[in-house]
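The values are calculated or read from the model by the stated rules, or taken from the named source; none is laboratory data. Source: prediction; values computed, not measured. Note that we place each Cβ from the backbone using ideal geometry, even for glycine, and neighbour counts take in every protein chain shown.
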Amino acid sequence: MVIIINYLYVGIDDTDSNEGMCTSYLASYIINKLKENDIKIVNYPRLIRLNPFAQFKTRGNGAISFKILNDNKTSLAKKIILEETKNFAMLDSENTNPGVVFYNGQITNELVDYSIRAINSIITIEEAEKFANRICAEIHKFKNGRGIIGALAAIAFPLKDFTYELLTYRVKNNYGKKRKINKGSVLKMDQETYPDTFENYDMSEDYIAIEPKTPCPVLYGIRSNTIDALKKAEKIVKVDEDIYSACIFKTNQHTDAHIQEVNNIADLNQFSCYKFKGTVRKRPTIIEGGHVFFHLFDKTGEIECGAYEPTKDFRKIILKLHPGDIIEVYGGIGKHNTFNIEKFKVIKLNKIKYINPKCECGRTLSSAGKNKGFKCKKCGFKIKSGKKIAIDFKRDLEENKLYETPISARRHLAKPICRMDI
């Protein structure tokens with residue numbers, strides 16, 4: 001006989017703001033409150049990062065979900081969840097529009113498809129509400145309720161590839177103050193647990209990556225492939241302030257869950273995330289502010305690609321690209337229709353470049369004008385016609401190698417090279 005267990009799925013999103021709060025903290029608080037009432041969640045809560053290129057998004061663009069048994073305490077659980085969401089959400093912030101979803105049906109293919117679209121493309125509030133009503137999900141909107149988009153997606157997103165994150169939270173009196181994390185202990189933790197834990201510390205920028213740079217309740221967050229590695233790492237990291245609570249989340253972070261593969265540049269859409277191949281049109285250029293841009297093309301179209309100043313030395317790698325190089329890029333298209341590169345793979349390097357011929361005096365000839373040949377600025381020698389000379393040249397890049405942005409500039413969803421075989 002098959003026993004069917006009835007679960008209540010809970011999704012929460014869009015409760016934080018740039019001024020503070022954190023949806024994961026709210027979820028952790030709610031989970032502890034449920035436990036106090038003898039309501040236990042099943043397995044680990046889920047932290048699902050949504051489309052990083054969406055126009056309207058929370059600071060980390062992460063939604064939370066968990067499930068409990070759908071029994072005689074379900075009404076109490078819903079009451080606690082809604083009350084605490086109202087109490088903790090940053091409702092005074094203009095861009096904070098929380099949404100809570102309760103769902104006790106089956107996780108269907110249709111629901112999974114919806115969740116995937118919420119990660120790599122755009123879903124409107126109206127579309128999410130219509131879909132929720134059709135599948136009989138119970139939705140609760142605060143203000144315009146944009147959070148129902150992510151809350152519904154967090155319930156159903158399939159974690160075929162996943163990581164874990166241990167998040168520790170500060171006591172309230174420390175919100176907004178400088179975090180007191182012992183840098184030496186973070187380095188020790190990284191040395192003893194990498195690559196089972198990753199993105200702990202950025203040596204190139206002297207940057208503690210487990211430490212948020214916002215006034216949110218999070219003290220630090222350690223990312224890992226396994227629970228055991230998280231527990232080991234937690235014992236090594238030392239802090240000089242009180243920890244209010246901690247929670248482990250199962251998550252789609254660092255999995256490239258937002259990336260969809262396309263064959264043609266013409267198929268790319270704004271505010272969506274992709275992996276595709278293209279040929280470099282011209283040498284990359286650097287503009288005021290330190291941003292680097294170049295164009296990729298294929299038989300269907302062309303798109304501008306960018307590596308922005310926060311990506312630091314990654315820009316120097318981009319500047320090594322030459323016309324004719326074929327690369328595969330990962331990233332998304334922002335509000336200026338530029339493809340923001342998270343990492344790229346060299347498929348084929350152009351190892352031939354064309355130079356002007358040499359003069360009899362040994363100096364390199366200059367162009368005499370379009371279709372007018374070449375001339376020597378030193379001795380006046382002229383060649384009325386002629387072509388540039390093809391020569392082989394050594395490249396600093398390697399074929400079949402991936403190059404990625406530094407940890408300090410990496411998005412939550414971007415899969416680091418150390419996980420590319422997972």
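Here are the numbers for this structure:
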read-out: Selected residue (only one of I80, I39, I31, I64 is of a type outside the set (G, A, S) and over 24 Å from L159 (Cβ atoms)); value: I80
read-out: The listed residue being among the hydrophobic types (A, V, I, L, M, F, W, C) and under 19 Å from F53 (Cβ atoms), out of I139, I125; value: I125
read-out: Residue within segment 393-415 that is more than 30 Å from F293 (Cβ to Cβ) and not hydrophobic (A, V, I, L, M, F, W, C) present; value: no
read-out: Wholly enclosed strands (runs of 3 or more DSSP E) of segment 271-315 bearing at least 1 residues surrounded by 14 or more Cβ atoms within 10 Å (Cβ to Cβ) and among the polar types (S, T, N, Q); value: 273-280
read-out: Subset tally (residues that are surrounded by fewer than 21 Cβ atoms within 10 Å (Cβ to Cβ), at pLDDT 95 or above and more than 19 Å from F162 (Cβ to Cβ)) for segment 32-48; value: 7
read-out: Failed criterion for T15 (all others in (1) more than 19 Å from the chain's Cα centre (by Cα); (2) in a loop (DSSP other than H, G, I, E, B); (3) over 14 Å from V100 (Cβ atoms) hold); value: (3)
read-out: Every residue from segment 198-237 that is closer than 16 Å to K183 by Cβ, buried (at least 18 other Cβ atoms within 10 Å of the Cβ), over 17 Å from the mean Cα position of the chain (by Cα) and free of Cβ contacts under 8 Å to residues at least 40 places away in the same chain; value: I208
read-out: Number of positions in segment 332-357 that are touching a Cys at 6+ places or on another chain (Cβ under 7 Å) and not β-branched (V, I, T); value: 2
read-out: Members of segment 381-408 found to be over 19 Å from T163 (Cα atoms), among the aliphatic types (A, V, I, L, M) and surrounded by 14 or more Cβ atoms within 10 Å (Cβ to Cβ), listed by number; value: I383, L397, L402
read-out: Count - residues of segment 82-109 that are in contact with a strand residue (DSSP E or B) (Cβ under 7 Å, 6 or more places away or on another chain) and of a type in the set (F, W, Y); value: 2
read-out: Some residue of segment 227-242 being farther than 30 Å from G62 by Cβ and not assigned by TED's automatic domain parsing to the domain that holds F56; value: no
read-out: Residue that is modelled with pLDDT of 95 or more and closer than 18 Å to P212 by Cα, where the choices are S75, S65, S28, S17; value: S28
read-out: Single residue of segment 238-252 satisfying the filter (in a loop (DSSP other than H, G, I, E, B) and in contact (Cβ under 8 Å) with a residue 60 or more places away in the chain) that is farthest from L26 (Cα to Cα); value: D240
read-out: Of all residues making up segment 228-255, the number that are in contact with a helix residue (DSSP H, G or I) (Cβ under 9 Å, 6 or more places away or on another chain) and either under 21 Å from L402 (Cα atoms) or not charged (D, E, K, R) (or both); value: 15
read-out: Residue list for segment 138-164, filter: closer than 29 Å to K79 by Cβ and either of a type in the set (S, T, Y) or buried (at least 23 other Cβ atoms within 10 Å of the Cβ) (or both); value: R146, G147, I148, I149, G150, A151, L152, A153, A154, I155, A156, F157
read-out: Hits in segment 391-422 - residues which are within 15 Å of the chain's Cα centre (by Cα), in a loop (DSSP other than H, G, I, E, B) and charged (D, E, K, R); value: R410, R411, K415
read-out: Sole exception among (1) closer than 22 Å to Y29 by Cβ; (2) part of a helix (DSSP H, G or I); (3) touching a residue at least 24 places away in the same chain (Cβ under 8 Å) for N173, by number; value: (3)
